[in-house]
1. Which of the residues that make up the range 340-361 are in contact with a strand residue (DSSP E or B) (Cβ under 7 Å, 6 or more places away or on another chain) and small (Gly, Ala, Ser)?
2. Just name the residue that is farthest from the chain's Cα centre (by Cα) out of those in the range 93-109 that are farther than 13 Å from Gly564 by Cα and open to solvent by less than 30 Å² (accessible area, probe 1.4 Å).
3. Checking Ser175 against (1) assigned to a helix (DSSP H, G or I); (2) modelled with pLDDT under 95, only one condition comes out false. Which one?
4. From the list Ser119, Ser76, Ser70, Ser115, which one is in contact with a strand residue (DSSP E or B) (Cβ under 7 Å, 6 or more places away or on another chain) and surrounded by 17 or more Cβ atoms within 10 Å (Cβ to Cβ)?
5. Can you tell which of Asp443, Asp425, Asp418 is modelled with pLDDT under 60, over 18 Å from Asp590 (Cβ atoms), assigned to a loop (DSSP other than H, G, I, E, B) and acidic (Asp, Glu)?
6. Give the residue that is most open to solvent (accessible area, probe 1.4 Å), with candidates limited to residues of the range 464-487 that are in a loop (DSSP other than H, G, I, E, B) and more than 19 Å from Gln347 (Cα to Cα).
7. Is it true that some residue in the range 288-300 is more than 28 Å from the chain's Cα centre (by Cα), open to solvent by 20 Å² or more (accessible area, probe 1.4 Å), at pLDDT 95 or above and of a type outside the set (S, T, N, Q)?
8. Here are some conditions: (1) basic (Lys, Arg); (2) closer than 18 Å to Leu374 by Cα; (3) out of contact with any Ser or Thr (no Cβ under 9 Å at 6 or more places or on another chain). Lys303 meets all but one. Which one does it not meet?
Amino acid sequence: MVMSSRACVSVFCAAVVLSTLSYAVAPEDRIAGDLANQPKVQLSGNVHSLAKAENDLGRVDSNRIIEGVSLNFRLSTAQQADLDQFLAQLADRSSPNYHKYLTPAQFAQRYGMSSNDISKVVAWVQSLGFTNVKVAKSHNRISFDGTVEQIESAFGLEMHHYLVGGEIHLANASSPSVPLALSPAVLHVGHLNDFAPKPRAKVRPNFTSYVSGNHYITPNDFATIYDLAGLGDGAGQTIAIVGQSTVNPTDIANFRSAAGLPASTFTLPPAMEGTATRCSGDEGESDLDLEWAGGVAKNATIKFIYAGLGKSDTCSSRVNSVWDALQNALTTAVAPFVSTSYGFCEQGLESQNAGFSSTVRSWVQNGEAMGVTLVAASGDAGAADCDTSTPATQGRAVDVPASIPEVTAMGGTEFSADSPTNTTDNPPGGNPPYWAAAGATSDTVSSALEYIPETAWNDTAQDGKLSATGGGASTLFPKGSWQSVAPGTMRSVPDVSLSASADHDPYLFCSEDDQKTQTIVATCTSGFRTKADNSLTAVGGTSVAAPTFAAVLALINQYLGNNGIAPVNPELYSAAGRTPKAFHDIATGDNIVPCAQGSTGCPSAVPFQYGFTASAGYDQVTGLGSIDAFVLAQAIGSAPAFSLAATPASYQVTQGASITANVNLTPINGFTGNVTYTCTDNVSESTCTGPTTAIPSTQNASFVITTKAPIARLESPLHREKLFYACLFPGLLGAFFISSSRQRSIRSVRFLGLLFVLGFSTMWLGSCGGSSSGNTKDPGTPAGTYNITVSGTATVSGTSISRQATIQLVVVP
């Protein structure tokens, strides 16, 4: 590829050296003309929901620099259709693409913008004076830095300050405009606001267990309760945690020491972008995620991908945020398992900003094509994900990215069988056999004895604030075919749940981040206790469920010996259907929260509340339930399926003859059932027929392929009557010229008539006479080699699976 030196910026030159693989769908040029001389079109959406007129404080300083403004591009229609098909094939055990993941370069070659389009956009951005221009490896994103004045001029908008929740933020007051030829390709313009997601961890400090008898979860307790024995220790596996604050590696080391884990090998990497900064709340969230991902997968490599602060960012108002860390982790394939405990409600992002959730989904699909699974928290506000306090006023909502179909959404449970009153105060001897008794003067670090029955997590009533598992139906994304057990047509969350209560059997962790005082306090200086006051720091929320389940998936991957198990969600739902014991069905509890009378979605009659109730099977409270990890690993590794093969694979047939091809079915992992067959025959002048009804898997299928022989025939170019007159006309015309020439004694006319007769006589002999040249041949089935596809479809545990076999047909004369 030839590019000007001006267009070859930053990582772009290296990124365009792509694989030489060729694909049926490849990037095509979509941008016509010179972008600098085109009228502009305003993009719909792209204004954050919190940028409201009533919160407007006026214009932003025109000289302020905003880093990382980005143009995010959508796939072409053909590319998106091909990607959807490819992702389905990744989950199809009979497909040649099953678990055949792409590299970042291959993804860019197949699904990125064309190099010509990239060059045009880079040249346009540079012509506007923007600097630090970068092209993402996926070729679906270009970022750059510029002043507010440049941004306002380039995109035809105004940047304003807004006062929200006592904090001053900046955001665009109207949707951006882009050149007409560019507008169909732009999905979203990023980094035009500094509303960053907030950490969700529910921290409960100052507990003492050997005095009160309270129970807490440590990594070994988690392993006992959720049956991790036999899955391995995570060696050779990699998990990525995304965040937006630096951490103190000492906290991770202290946690591992207190939990009796191997010494930490964690080293703090530099911030992905910006300046590494400790931000209260965010630091505690990152500590939790890093410690517990490594606590469950004890010897896995844990990579920390976090966004630092930009030049004008603060911890509370930041353009550079965890969204950037997530985009980086998903599109560069840094690890096969990525966990995020951050998110934002759909309505909050989408009331005017319809492109951002779709942009996040494009990152997720990019990652899944490369074998990356994203596990995300479903939220801690029950069915009211847009609210932060009680009573709720914003209506029922679910969380992005959890609501994206390709993301594994994690809900929360709490243990119900280990205390009659389901509170923190659990007498040591009052709840056998789930926990071992506490020591008289010291803690029993790992005391869980077996799985403890669970209910849905909802501590809202006792906490006086929203504290419940997120769940409900998306308003943006339809559900995948694998989620047929969920109600309605839209994507339901969560998929799976794990213990999440901060009030009842919470998780222990170590963090210097004191979120109440926003000061640095050394913790876990004596085991899990802090020497100063002998306290423990405990935590809950779906923030814990996300990193722990990402670690469980890494252990399952190790157990199965795979290089990835993406797409994960089809595997989970299929396993639940055929191996119910892989999940603990949670049929009690709810995520119902109180709402303000007269507010959005609130019932008009008492009780003023909304949400969902857990029930047998899948529900929008705890999803499929919690897990028995070892049984789940076995279920995923032993999914019933079948393969098809033609025996023999190739047949030779003479034109006009027929052959009977046999297709044999081989059961995989105990598959039984009836299979419906179809034959896709694209061979000219032939037919392929097989079984007309579903047949048992124990029977082989036979297909009769019939070819057509060549046939000789006489083809008349004209109808008989028309042929007669057509053949008669030249002779009469010639005779006229000859006779006319005799009467007028004009030699030239006589000569012309003679030529006319001779010429048309020749044509008559060829076309109207008895020559065999009028006979043509129907070629029948042309000689050659053809591939005929036979498909077999069956239903396994409520999920339709399809397998194919190829019959090679060699047609000879």
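The values are calculated or read from the model by the stated rules, or taken from the named source; none is laboratory data. What you see is a predicted model; the values in this text were computed from it and never measured. For neighbour counting, all protein chains shown are included, and Cβ atoms are generated from backbone atoms with ideal geometry for every residue, glycine included. Note: areas computed on protein heavy atoms with side chains; ligands, DNA, RNA excluded. Shrake-Rupley method; radii C 1.70, N 1.55, O 1.52, S 1.80 Å.
1. Within the range 340-361, Ser341, Gly343, Gly355, Ser357, Ser358 qualify.
2. Only one residue fits best here, namely Ser95.
3. Tallying (1) assigned to a helix (DSSP H, G or I); (2) modelled with pLDDT under 95, Ser175 fails exactly one: (1).
4. Ser70
5. When all the criteria are applied, what remains is Asp425.
6. The qualifying residue most open to solvent (accessible area, probe 1.4 Å) is Lys465.
7. No; the residues of the range 288-300 include none that is more than 28 Å from the chain's Cα centre (by Cα), open to solvent by 20 Å² or more (accessible area, probe 1.4 Å), at pLDDT 95 or above and of a type outside the set (S, T, N, Q).
8. (3)
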